[in-house]
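Q: Take a look at the following structure, please.
The values are calculated or read from the model by the stated rules, or taken from the named source; none is laboratory data. Remember, predicted model here, so these are calculated numbers, not experimental data. All Cβ positions, even for glycine, are placed from backbone atoms using ideal geometry, and neighbour counts span all protein chains on display.
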Amino acid sequence: MLQLLLAWLELPWSACKPSSNNLVTLNLWGNNFSGSIPLELGSISTLESLLLGNNRFSILISKSLLNLKKLASLDLSNNSFGGKVHEIFGRFTQLKSLALHGNSYTDGILSSGIHKLTNMSQLDLSYNNFSGELPVEISQMLGLKFLILAYNQFTDDIPSVYEDLSHLQSLDLSFNGLSGSISPTLGNLKSLLWKTCRSIRIGLLKGYDIFQICDRGSPVREYVVSGYLQLKGNKPWGEVPSDMAKMQKFSVLDFRSNEFNRKLAAEMGIFPAELGKLHDLSNFNISLNPFLAGIILAIGKLSTFEKESFLGNPLLHSLLFNFDDQLPPPPSPPPPLPQLQS
């Protein structure tokens with residue numbers, strides 16, 4: 001088993017041509033290649049991982065790559081592709097990981113057929129220019145573990161059928177234009193380790209730096225999954241899903257800069273008291289939610305966070321802090337005008 005790593009060398013293609021028949025991984029990241037992907041790559045029949053990210057490829061993707069019957073991971077991120085997602089991607093039926101983030105794709109998630117790749121476990125389409133509703137057809141990719149759709153222009157609600165992705169461990173929908181209520185059915189994704197819906201107006205997480213907070217070897221049980229939930233900078237309305245309070249292993253909750261306009265659901269009890277029972281909670285922020293009401297009690301983990309985690313909530317009252325001093329001091333009066341001498 002051979003790996004050829006020629007990343008960030010900015011070599012000419014003539015110096016990078018692989019010659020081994022046993023090559024399994026080819027990493028040509030960051031070499032400033034442009035134009036079409038070389039035809040020769042399709043002749044490396046043993047290749048399982050092809051990493052061509054951070055170049056300037058921009059034209060058609062050669063059909064010769066379809067000869068790579070063992071190819072499981074394809075990374076074409078941070079190139080110059082645009083328009084519709086190439087239809088060739090839907091023909092890589094054996095593919096398990098596809099990274100297309102950092103291009104300029106605007107459409108073609110469905111026409112390319114990538115939603116029919118049943119072996120896919122990692123799909124990263126972030127940092128493109130997709131728009132419209134989130135494709136409900138993605139729910140057909142039942143083997144997905146990592147779905148990254150951040151930094152696009154998707155709008156409307158999160159499809160409730162996404163709960164069918166029972167193996168999903170990471171869902172990143174941050175920095176889109178999603179709105180509406182957050183479906184309680186997302187709580188049914190019991191394998192979810194990271195769920196980021198930051199800036200929904202619903203990274204960081206690219207699928208490479210994921211860590212598992214729960215103990216190794218421990219069975220994943222209902223409501224005992226480690227988690228990281230960001231709803232920062234969103235425009236959702238309605239209630240925070242009640243199942244969240246039952247996820248005892250959450251380590252990070254970030255609700256900053258939202259407009260939640262109701263109290264947390266009844267299943268969560270008195271808001272601070274129940275969240276204080278999240279014993280693994282190490283980061284918490286619910287600042288700048290002007291419509292969120294309640295009382296912050298000095299109890300459990302909530303008593304360990306600084307005042308900055310709660311600022312900008314005029315309807316919240318605290319036994320922990322005095323929020324009056326968060327207001328800026330009144331401006332000093334102007335100096336008196338000099339009196340004119342008569």
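Q: Looking only at the range 126-138, decide whether some residue is at pLDDT below 95, among the polar types (S, T, N, Q), more than 21 Å from Arg56 (Cβ to Cβ) and buried (at least 20 other Cβ atoms within 10 Å of the Cβ).
A: No: the range 126-138 contains no residue that is at pLDDT below 95, among the polar types (S, T, N, Q), more than 21 Å from Arg56 (Cβ to Cβ) and buried (at least 20 other Cβ atoms within 10 Å of the Cβ).
Q: Checking Val85 against (1) within 19 Å of Leu41 (Cα to Cα); (2) crowded, with 20+ Cβ neighbours inside 10 Å: exactly one of these is not met. Which one?
A: With respect to (1) within 19 Å of Leu41 (Cα to Cα); (2) crowded, with 20+ Cβ neighbours inside 10 Å, Val85 is out only on (1).
Q: Another one. For residues in the range 160-185 being touching a helix residue (DSSP H, G or I) at 6+ places or on another chain (Cβ under 7 Å) and farther than 19 Å from Gln122 by Cα, which is modelled with the highest pLDDT?
A: The qualifying residue modelled with the highest pLDDT is Ser160.
Q: In the range 51-70, which residues are surrounded by 18 or more Cβ atoms within 10 Å (Cβ to Cβ) and either of a type in the set (Phe, Trp, Tyr) or touching a Leu at 6+ places or on another chain (Cβ under 6 Å) (or both)?
A: Leu52, Phe57, Leu68
Condition check ((1) farther than 23 Å from Leu66 by Cα; (2) charged (D, E, K, R); (3) under 19 Å from the mean Cα position of the chain (by Cα)) across all residues:
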position	(1), (2), (3)
Phe89	no, no, no
Lys96	no, yes, yes
Asp107	no, yes, no
Thr118	no, no, no
Tyr127	yes, no, yes
Phe130	yes, no, yes
Gly143	no, no, yes
